[in-house]
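Read-outs: derived from the displayed coordinates by stated rules, not from any lab. The structure displayed is predicted, hence computed values, not measured ones. Cβ placement follows ideal geometry from the backbone for every residue including glycine, while neighbour counts extend to all protein chains displayed.
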Amino acid sequence: MDTRYLFRRGDVWWVKIAVPPTLRCELGYDLRRSLHTSDLEEARIARDVIVPELRDEIAAARERHDRRYRAEATPSPFQVTRREDFSDVTFLLEIHHPRLAQAAEPGQFVLVLSHGHGERVPLTIADFDRDGGTVTVVVQAVGKTTREMRQHCQAGAELYAVVGPLGRPADFRGATKVVCVGGGLGVAPVYPQARALKERGAYVIGVVGFRSRELVFWEDKFRSACDELIICTDDGSAGIKGLVTLGLEQAIAAHDDVDRVIAIGPPVMMRACAEATRPHGIRTVVSLNPIMVDGTGMCGGCRVRVGDETRFACVDGPEFDGHRVDFADLMSRQRRFVAEEKQALDVWSRTHMGATAT
Ligand SMILES: Cc1cc2nc3c(=O)[nH]c(=O)nc-3n(C[C@H](O)[C@H](O)[C@H](O)COP(=O)(O)OP(=O)(O)OC[C@H]3O[C@@H](n4cnc5c(N)ncnc54)[C@H](O)[C@@H]3O)c2cc1C
Ligand code: FES
């Protein structure tokens, strides 16, 4: 009597196939299926169908495992594989980190420590390539650490640590027609959201803002991820002349069925977007950037006021309902260490640039 792969629990037959040791953390010790029958003859017939299916599942897991292993086999886990400068202050870093790339979702962020004596900097994941094993961040050099990164993080450089993905992934449930607004620092982080929404079948209108035409980046990427794209520049050298709120208002005027706005950028911009949508009652999601330290909900540094509640942006966010966020509190907390930040930048500039920062 051939009972290979079959075992009986109670009065029901099961089929079970052992998983190779290298795949056990992915698939468990074995794969099993209940055959919902107590009859051995029926169980044997079902087994002959199911065992090849389980073998296919193991083969697919092996392929995933091999691909990940190949990607991880390069020398450094945190190597900068590509750098692109969008302007004097804004630059893109593509970082080799296969596990992070596998796990990353739109809306999440990483903590980057560029060297062993540096400061952790939270940066939104602006793109990720699961097959290539890379994540992309776009950095604006505003203070000591980000300027230091601008100087040292060239292609081939190794970062001391990259932790993530942190924060909650964006929640796209119920979003069918969405305006994705990115201004300044927020242009890059809003891109994976637009792409993910498009992939889920939503109608996506992108509104991105820059100071002038020379600073525009990722126009092609946005055009492929959006059904419509409105570019706004302060001086009118590309797209419409004005702030992203003007583009947002145009999008809402042209589409009375917009059901979601996602706004990412400086707090004043996100607040203005939330105020623009409030009279229309359109759900507006903003991504908050309070000062963070550990990024895991332990230090309390990133606390924000949302409605009557105190929330921690690193674990409860960073995305929140823009109509309920206390932006005045956020902005005042962001300014808590201005004196220390200026001092750190001055000392670093004198040592490394031979000048005092202004
Ligand atoms: C969830 C999140 C996502 C972010 N995504 C990006 C991004 O994609 N690209 C980008 O360029 N910047 C991003 N930031 C902001 C970035 O972390 C700060 O600009 C950076 O930490 C400044 O460090 P610095 O030493 O260069 O400047 P500093 O002179 O130390 O600070 C300049 C200003 O940056 C803010 N800041 C300083 N330290 C921190 C910190 N530890 N955490 C948060 N803000 C801080 C403060 O408002 C401060 O006034 C993000 C912040 C958060 C919280
Ligand atoms: S960064 Fe410490 S609690 Fe959020």
If I take every Cα pair under 8 Å that is 6 or more residues apart in the range 6-72, average their sequence separation and divide by the length, what percent do I get for the relative contact order? 31
Amide H contacts under 5 Å for ARG211, restricted to residues at least 5 apart in sequence or on another chain and with H modeled in the peptide plane, are ASP234
Measure of size requested: the Rg and Dmax of the range 6-72, with Cα atoms as the atom set and Å as the unit; please supply both. 14.3, 47
For the range 141-195, diffusion coefficient by Stokes-Einstein and Kirkwood Rh (Cα), 10 °C, 1.306 mPa s, µm²/s: 110
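If we count other beta carbons within 10 Å of each Cβ, what is the order of LEU93, LEU288, fewest first? Don't skip to the end; give the middle numbers.
Numbers: LEU93 27, LEU288 24.
So the residues, fewest neighbours to most, are LEU288, LEU93.
Gain in length, GLU26 to ARG67, computed as 0.36 nm per residue apart minus the alpha-carbon separation, to one decimal in nm? Write down the numbers at each step before the final one.
Working: separation 41, 0.36 × 41 = 14.76 nm, distance 1.37 nm.
Net length gain for the segment: 13.4 nm.
For the range 191-261, what is Rg from Cα atoms divided by 2.2 N^0.38 Å, rounded to two decimals?
Values: Rg = 12.0 Å, N = 71, 2.2 N^0.38 = 11.1 Å.
Normalised Rg, Cα atoms only: 1.08.
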What's the exposure ranking of PHE312, PHE210, going from fewest to most Cβ atoms within 10 Å? PHE312, PHE210
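By DSSP, what percent of the beta bridges with both residues in the range 177-334 are antiparallel, rounded to the nearest 5? Mind dumping the intermediate values first?
Numbers: 8 of 31 bridges.
DSSP beta bridges in the range 177-334 are roughly 25 percent antiparallel.
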Can you sort THR284, THR146 from fewest to most other Cβ atoms within 10 Å of each residue's own Cβ? THR146, THR284
Can you give me the long-range amide H partners of ALA126? Hydrogens built in the peptide plane at 1.01 Å from N, cutoff under 5 Å, separation of 5 or more residues or another chain. THR136, VAL137, VAL138
How long, wide and thick is the chain, going by the Cα atoms along their three principal axes, in whole angstroms, largest first? 85, 53, 41
Largest fluctuation, ALA188, ALA272, ALA263 only, Gaussian network model of the chain with Cα springs under 10 angstrom, belongs to ALA272
Could you check which residue among ILE45, ILE17, ILE205 shows the biggest mean-square fluctuation in a GNM of the chain with a 10 Å Cα cutoff? ILE45
Using only the alpha carbons of the range 231-342, determine the length spanned along each of the three principal axes and report them from longest to shortest in whole angstroms. 44, 32, 20
What does DSSP give for the chain in terms of the percent of beta bridges that are antiparallel, rounded to the nearest 5? 65
Just to confirm the filter: which trypsin sites (Lys or Arg not before Pro) across the range 1-45 are DSSP coil and have at most 16 other Cβ within 10 angstrom of their Cβ? ARG4
From the phi of every residue in the range 310-325, what ³J(HN,Hα) in whole Hz does the Karplus formula 6.51 cos²θ - 1.76 cosθ + 1.60 yield, where θ is phi - 60° and glycine or proline is x? 9, 10, 9, 4, 6, 10, 8, x, x, 8, 9, 6, x, 6, 10, 6
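For each pair in LYS198/LYS241; LYS16/LYS198; LYS144/LYS198, compute the distance between the two Cα atoms and list the pairs where it is over 32 Å. Walk me through the intermediate numbers first.
Values: LYS198/LYS241 27 Å; LYS16/LYS198 40 Å; LYS144/LYS198 37 Å.
Long pairs (Cα-Cα over 32 Å): LYS16/LYS198; LYS144/LYS198.
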Can you list the HN-Hα couplings for the range 336-346, worked out from phi with the Karplus curve (6.51, -1.76, 1.60; θ = phi - 60°), rounded to whole Hz and with x for Gly and Pro? 4, 10, 4, 5, 5, 5, 5, 4, 4, 5, 4
Per-residue ellipticity at 222 nm attributable to helices in the chain (runs of n ≥ 4 DSSP H, -39500 (n - 2.57) apiece, nearest 500 deg cm²/dmol) works out to -10500 deg cm²/dmol
Scattering from the C-alpha atoms of the range 80-166 alone, worked out with Debye: what is log10 I(q)/I(0) at q = 0.12, 0.18, 0.20, 0.23 1/Å? -0.30, -0.69, -0.87, -1.16
Non-local amide H neighbours of PHE86 (under 5 Å, H modeled in plane, Pro and chain starts lacking H): which ones? PHE91, LEU92
